[in-house]
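The block underneath contains the structure these notes are about, expressed in structure tokens.
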Amino acid sequence: MEKGTGSPSVGGSYPQKNAEILSSQYGINLFLAGLLLTFAWAVHAVGISKSHLLSYLITLMLIQLLWMLWYLCRSCTQRRLIRDKDTHAGARWLKCGITLFAVITLILDSFKIGYYIDFSNCLSPTEGIFPVTHAVHTILQVYFLWCHAKDVIQSFKTLERFGVIHSVFTNLLLWTNGVLTESKHQLNEHKERLITLGFGNITIVLDDHAPQCNCTTTTLCSIFSQGIYYLYPFNIEYHILASTMLYVLWKNIGRKVEHHQQHKTLFKFHGITVGMIFGLIVLTSTIAIVVVYLIQIGRSKIKSELALTMFYLHAIFVLALMCTAGIVALLIYRLEDRSLDNSKNPARKLDAELLVGTAAGSWLLSWGSILAIICAQAHPKYTWYNLPYSVLVIIEKYIQNLFIIESIHREQEKVNDDIKTLRIVTISRGSTLSLTPSYKEIYNGRAAPDNGEVPCLFKGSICGRENGAGGGANEETSQENSSVMHSASDFSFYSRNSVTNNKRRILKNIAAFLFLCNLSLWIPPAFGCRPEYDNGLEEIVFGFEPWIIVVNLAMPFSIFYRMHSAASLFEVNCKT
């Protein structure tokens, strides 16, 4: 009998597990084929051109477009059916963020179309087809994520697994293509700047993929070619965000959702003024530092050294503040006694894994810089600022990861401030007493409704209505004694509530401050302010090509870490 009962469940789950494994292997092979094609184009492999890579990407996007259209049509026909939803996936602020990046990506595609028109005489037709296909793909994908990111798919599960995983790895390949194109541009600029820092022993060979013909309108060509590289950071963030949202959708296929009340997470500016002010100061100063850095670096040796020194000092100050804020937040958590939410949640699990995984990129660069400083024979003055900077990068990410991961796993408070507000009521004979229900009564939902009557408290010893003429002096005495006892209870409740609110206010300010700091630290590497390139010491110790390979592999993860941390801290601020 037991065997018979267990077999259906085994029979039902076995094919689905196989489908999950098969679809993941399909996605990995799809990604590896595209990755090798991208690498072959990057190193100028014989017989591989950019048109081959773009043709592969166009094919993947068209397949995803067909799948999304099929899914949307099927959803329209089954609109009346009640579907399970994962309330933790596809938060509104995340959808707004990906929409913003998608809009800028569409501007990037329009620049690419304009660039192709100006150089159409010597460019492959695929370079014109790619941005058009990509623009259509972007519009439909954003609409799909807005409408269906929370879906828990329970029908056509095998087919949907392949469709969703195809979409995940298509976005990852588009992200890889964007990272490589942007990195090659940054590398060319870096090679030109190294001479000004006195590193003449490094061979400067520009890796140029520029078209071999003249532009029809020089001014427009210059605007398009330069503007494209300033827009790439947003395109990169768009694709990595899309792939993570689609991955959560893939993990949710066939999942049994626990139906419980979901607390709304709303962002409020009230109570975070201090954190916002300090964060905005950091953001403004960082933008100013980046502008000065990009103007000064490469002009002369002295100006380049001053730009590097300025960057390191600013970054050390910001990272030290972030470390302090993170430690204060963790200490507050140690003083609180609140349980953690250990329920199954693919979105939250992915957030934690991405935080630790992408932080490894920065840690790799920091340890490389520390090792270079220790092993180098000559040390220019500005390189010594790199040592505390690299150490603080490691410590800050360690502390911040602990804070964010614990924050997203903490259970939300079940009682609102509005519910906790004490009400003052007037009772008979004109005397005013505080007859608020106790905290425990409110928490358990046993407080009497406010219907114009004062609720009975303390086992009926106080009643809001006169029970008759037999009240007399005994009733008044009873009311006075009870009001004294209840005032003491209210005072204790006020004290506890005040302490809790102060802790919450501090945590919200810390989360707001760290949110703006992470946005600030995302700006420099995303827009070309990369001392790991310009420092020069690491290239001497490790060799130019090995260190550049390390930087090009680690930097995209470091950039994504800052944006992902900012998104996670925004969620923490809403939940706190």
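For the peptides 370-376, 165-171, what is the packing order when you average, over each peptide's residues, the other Cβ atoms within 10 Å and list the highest mean first?
Working: 370-376: 15.1, 165-171: 25.4.
Taking the mean over residues of other Cβ atoms within 10 Å, the ranking is 165-171, 370-376.
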Compactness summary of segment 71-182: radius of gyration and Dmax from Cα atoms, Å, are 17.0, 54
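Which order do peptides 111-122, 236-247 fall in by mean Cβ count within 10 Å, highest first? Before the final figure, lay out each step's value.
Working: 111-122: 17.8, 236-247: 24.6.
In descending order of packing, they fall as 236-247, 111-122.
Below 13 angstrom from the Cβ of Thr358, what's the summed charge of the other residues (Lys, Arg +1; Asp, Glu -1)?
-1
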A correct Karplus calculation of ³J(HN,Hα) over segment 222-233, with 6.51 cos²θ - 1.76 cosθ + 1.60, θ = phi - 60°, whole Hz and x for Gly and Pro, returns 5, 4, 5, 5, 6, x, 4, 6, 7, 8, 4, x
Taking alpha-carbon centroids only, segment 511-576 lies from segment 140-196 a number of Å equal to 19 Å
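Within a Cβ distance under 14 Å of Ile370, other residues only, what is the Lys/Arg minus Asp/Glu net charge?
In short, -2.
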Checked against a 31 Å limit on the C-alpha separation, the offending pairs among Lys256/Lys575; Lys95/Lys256; Lys184/Lys508; Lys85/Lys184 are Lys184/Lys508; Lys85/Lys184
If each K or R counts +1 and each D or E counts -1, the residues other than Leu402 whose Cβ falls under 12 Å of its Cβ total 0
Descending packing, highest mean Cβ count within 10 Å first, for 40-53, 349-362 is 349-362, 40-53
Of the accessible area of segment 95-176, computed with a 1.4 Å probe and all protein chains kept, carbon and sulfur make up a percent value of 77 percent
Spelling it out for Arg410: with amide H atoms placed in the peptide plane at 1.01 Å from N, the residues 5 or more places away or on another chain with amide H under 5 Å from its amide H are Asp341
For segment 363-411 the GluC sites (Glu not before Pro) that pass both the DSSP coil test and the at-most-15 other-Cβ-within-10 Å test are Glu411
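The values are calculated or read from the model by the stated rules, or taken from the named source; none is laboratory data. Note that the structure is a prediction, hence the values are computed from the model and not measured. We place every Cβ from the backbone using ideal geometry, glycine too, and count neighbours over all the protein chains shown. Heads up: the accessible areas ignore ligands, DNA and RNA and are worked out on the full protein's heavy atoms, side chains in. Shrake-Rupley method; radii C 1.70, N 1.55, O 1.52, S 1.80 Å.
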